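A short worksheet on the structure shown next.
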Amino acid sequence: MFEKLLSGQPSGIFGIGYDDPTTVGIICTIILLIMVVSGVRVVFAASIAGIIGLVELIGVGPALGNIGAIPYSKSVTFVLGLLPIFILIGFLAYQAGMTRQLYEAAKAWIGFVPGGLAVATVFATAGFAAVSGASTATAAVFSRVAIPEMLKEGYDKKLAAGVVAAGGTLASLIPPSAILIIYAIIVEESVGALLLAGFLPGIFSAIVYGGIIIIWAKMNPDLGPPGRRYSFNEKMKALPGIIPIAIVITVIISAIYAGWATPTEAGALGAFVVLIIAIMRGLKLQALNFALIETAKLVAMIFSIIWGVLIFVRFLGFSGLPETFANWIISLPFDPYTVLILILLGYVILGMFIDAIGLLLLTLPVVYPAIILLNGGPDVTADQSPFGMTFNQVSVWFGIIVVKMAEVCLITPPIGLNCFVVAGVRKDIPVTDVFKGVTLFFIADILTILVLIMFPQIITWLPDLMMS
């Protein structure tokens, strides 16, 4: 028996029924979902389910070999080096005071509209998202910067907390984005194309958020009264505060667009620029130490999730479940857009129990091949495609849509990581109030996704233009 366990033969020790690998895949996926819904963290749930499946299919010895190789083999990926770089940029920008100045500039220019401070928060988070790839970091920063200002002006605390939690999700789309990088690694898509593709949808999402707030505040002025009108001279004096962030954005995007730096190199250059600006502004050693430690904590959490989920992904490869699911999807008696909507509804449900990064890591190995087959395969032309796009265009388009769905996961109960971050920073605002405050933004996100599905050019135009 011991020799059998160490061999490359199926063990059957869990009694799952190894004669049909697809059945093992389905059963272990159900085990994973049960654990996640029961409150087990996705890193542990995915690891346990993956280990059970691998042992069942290939035996203990080969399973341990596969599991042991994952942390190293996946951590040395060159593109993955972007994650700590972009997260560090965000923390350094905060320590350098760029966040406060960005918020003050937004308040001066658009704070006079109904719900003006909340609208200013949205556009300030969008600006900060352009130098920080982490949604949770953005939510944490603006919980300290924007919420006190809004509460001081008499804003409803649910709106104040909700707009920060929702605004933080913009970091998922606006480059540099950690989640877009993870998508690129999973599906082997160009990081540069995805980062460029996320720019316009991210700005569009911010505009939709701002419009929703204005309408909401007009209907109920007590939610968020307009701020004072700033004079033209005051507005102009506030503009220099956004110059450092504008410089960093320009350096990163132009380096990628011009082709003289890879996305990883462009990110490192952006981090260097932020560090120099921070030093020129008197960055203290204690503040630098805080930025480095917080970056390390967040990166460790993300990498742990990646390692745990990739064990399960490796098992899925042995089970053949992704291919089976893809073939089943294209056999459904529905048109491709209906199938796409059904898949996205599945993301909404799963997003209630799995965090954004774990959701992408778990689902894309199964869902992405199905989307490519729905489009007609990797060699399809735009004329032959039911979506009217080539393989590369569909890959980028679906990436932005699914990352937008991951944004929704960040504000939906019971997981809603951004909501817990806001409540964790603001002990005076219960997490239930934060979830109530994001309700309207959830609706705004669904409307945005529908627009992006109907008008894919919003996503594909910029990468097609710049990568051609």
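The values are calculated or read from the model by the stated rules, or taken from the named source; none is laboratory data. Keep in mind it's a predicted model, so treat the numbers as computed, not measured. Ideal geometry is used to build each Cβ from the backbone, glycine not excepted, and the neighbour counts take in all protein chains shown. When the accessible area is computed, the model is the full protein with side chains, heavy atoms only, and any ligands, DNA or RNA have been set aside. Shrake-Rupley method; radii C 1.70, N 1.55, O 1.52, S 1.80 Å.
Data for the structure
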| item | result |
| --- | --- |
| Pairs, first without any contact (Cβ under 8 Å) to a residue 24 or more places away in the chain and among the small types (Gly, Ala, Ser) in the stretch 142-166, second buried (at least 24 other Cβ atoms within 10 Å of the Cβ) and assigned to a helix (DSSP H, G or I), C-beta under 9 Å, six or more apart | none |
| Whichever residue in the stretch 205-219 is of a type outside the set (D, E, K, R) and open to solvent by 60 Å² or more (accessible area, probe 1.4 Å) and, among such residues, is farthest from residue 179 (Cα to Cα) | 219 |
| Within the stretch 271-291, tally of residues that are closer than 15 Å to residue 94 by Cβ and touching a residue at least 12 places away in the same chain (Cβ under 8 Å) | 11 |
| Every residue from the stretch 239-277 that is open to solvent by 20 Å² or more (accessible area, probe 1.4 Å), small (Gly, Ala, Ser) and closer than 29 Å to residue 111 by Cβ | 246 |
| Yes/no for residue 129 being of a type in the set (Gly, Ala, Ser), out of contact with any Lys or Arg (no Cβ under 6 Å at 6 or more places or on another chain) and surrounded by fewer than 24 Cβ atoms within 10 Å (Cβ to Cβ) | no |
| Considering residues of the stretch 307-345 that are of a type in the set (Phe, Trp, Tyr) and more than 21 Å from the chain's Cα centre (by Cα) only, the residue most open to solvent (accessible area, probe 1.4 Å) | 328 |
| Filter pass, residue 191 being over 21 Å from residue 99 (Cα atoms) and either in contact (Cβ under 8 Å) with a residue 60 or more places away in the chain or open to solvent by 30 Å² or more (accessible area, probe 1.4 Å) (or both) | yes |
| Residue under evaluation residue 377, criteria (1) touching a Gly at 6+ places or on another chain (Cβ under 8 Å); (2) free of Cβ contacts under 8 Å to residues at least 60 places away in the same chain; (3) small (Gly, Ala, Ser), criterion not met | (1) |
| The stretch 364-399: number of residues that are among the hydroxyl-bearing types (Ser, Thr, Tyr) and over 15 Å from residue 457 (Cβ atoms) | 3 |
| Inter-residue pairs, beta-carbon under 6 Å, first more than 15 Å from residue 454 (Cβ to Cβ) and in the stretch 391-403, second surrounded by fewer than 24 Cβ atoms within 10 Å (Cβ to Cβ) and among the charged types (D, E, K, R), 6+ apart | 395/189 |
| Some residue of the stretch 377-384 being surrounded by 17 or more Cβ atoms within 10 Å (Cβ to Cβ) and farther than 22 Å from residue 198 by Cβ | yes |
| Condition broken by residue 108, with the remaining ones in (1) surrounded by fewer than 24 Cβ atoms within 10 Å (Cβ to Cβ); (2) of a type in the set (Gly, Ala, Ser); (3) within 13 Å of residue 294 (Cα to Cα) satisfied | (3) |
| Some residue of the stretch 358-368 being open to solvent by less than 30 Å² (accessible area, probe 1.4 Å), over 22 Å from residue 122 (Cα atoms) and free of Cβ contacts under 8 Å to residues at least 12 places away in the same chain | no |
| In the stretch 139-160, residue modelled with the lowest pLDDT [restricted to those that are touching a Gly at 6+ places or on another chain (Cβ under 6 Å) and open to solvent by less than 40 Å² (accessible area, probe 1.4 Å)] | 139 |
